[in-house]
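A.B. asks: Starting off with a structure, shown below.
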Amino acid sequence: MVTLGQFNQLSHAEAAALLSPCVAIPAWVSELVSARPYAGRQQLLERAHQAASRWQQAELQQALSAHPRIGDKPAGADEHHALSRQEQAGVDAANAPLAEALRQENARYEAHFGHVFLIRARGRSGEQMLQELRRRLHNSPAQETAEALAQLTEITLIRLEGVINA
Ligand code: 2AL
């Protein structure tokens with residue numbers, strides 16, 4: 001975690017390394033780093049949101065590689081997996097029927113849409129995410145891309161707020 005003042009002063013490479021765990025879309029990272037200095041945290045968050053609003057199917061595919069399935073326990077030591085573990089803390093690992101339902105519905109979703117189901121996990125229980133997964137299975141591909149991108153934006157902005165703390 002750094003202050004905005006520190007973030008403004010870092011080298012391009014250092015600042016990019018700091019933002020990279022927010023989302024696996026190098027163009028988004030690069031745009032935000034290049035737009036420094038920011039006068040305030042709000043300017044940074046607005047720019048981050050604006051840059052994310054241009055994401056489309058290609059960016060979604062790029063980002064998905066870094067997001068473990070809901071219910072899979074991301075075990076890796078890298079920053080992405082550490083964040084995912086925290087975010088998915090609402091999935092009760094001791095609830096075997098929930099784990100099995102998530103496994104089955106994730107598989108249905110992936111067979112239908114061709115990619116991993118993505119949802120902002122922070123603040124949601126496993127049951128809530130299962131319900132959302134089942135609802136979203138009825139989406140058209142275009143509706144689903146839009147929903148997944150909105151969720152990706154939420155995940156990214158929450159992570160960014162955690163990186164730049166003041
Ligand atoms: C995740 C994840 O790792 N963190 C989060 O909020 N959502 N994964 C997912 N498949 O939705």
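Read the figures in this text as sums done on the coordinates, not as results from a lab. This one's a predicted model, so the numbers in the text were calculated from it and none came from an experiment. Using ideal geometry, Cβ is built from the backbone for each residue, glycine included, and neighbour counts are taken over all protein chains shown.
A.B. asks: Consider region 54-68. How many of its residues are under 16 Å from Arg159 (Cβ atoms) and more than 15 Å from the ligand (Cβ to nearest atom)?
C.D. replies: 2
A.B. asks: Could you tell me which numbered condition Ala51 fails, if it satisfies all but one of (1) within 11 Å of the ligand (Cβ to nearest atom); (2) surrounded by 19 or more Cβ atoms within 10 Å (Cβ to Cβ)?
C.D. replies: It is condition (1) that Ala51 fails.
A.B. asks: Cβ contacts < 6 Å: first residue farther than 14 Å from Asn165 by Cα, restricted to region 33-44; second residue not charged (D, E, K, R), any location; separation 6+ or different chain. Result?
C.D. replies: If the second residue must be not charged (D, E, K, R), the pairs left are Val33/His12; Val33/Ala15; Val33/Ala16; Arg36/Asn8; Pro37/Asn8.
A.B. asks: Another question, if that's okay. List pairs: first in region 45-67 and free of Cβ contacts under 8 Å to residues at least 40 places away in the same chain, second in a helix (DSSP H, G or I), Cβ under 7 Å, 6+ apart or cross-chain?
C.D. replies: Cβ pairs passing all conditions: Arg47/Leu32; Ala51/Trp28; Ala51/Glu31; Ala51/Leu32.
A.B. asks: If the Cβ limit is 8 Å and pairs must be 6+ apart or interchain, which residue in region 1-20 that is surrounded by fewer than 18 Cβ atoms within 10 Å (Cβ to Cβ) pairs with which residue that is in a loop (DSSP other than H, G, I, E, B)?
C.D. replies: Listed by first residue and then by second, the contacts come to Met1/Asn165; Val2/Leu10; Val2/Asn165; Thr3/Asn165; Thr3/Ala166; Asn8/Arg36; Asn8/Pro37; Asn8/Tyr38.
A.B. asks: Are any residues in region 113-154 within 12 Å of the chain's Cα centre (by Cα) and among the polar types (S, T, N, Q), and if so, which ones?
C.D. replies: Those that are within 12 Å of the chain's Cα centre (by Cα) and among the polar types (S, T, N, Q): Gln151, Thr153.
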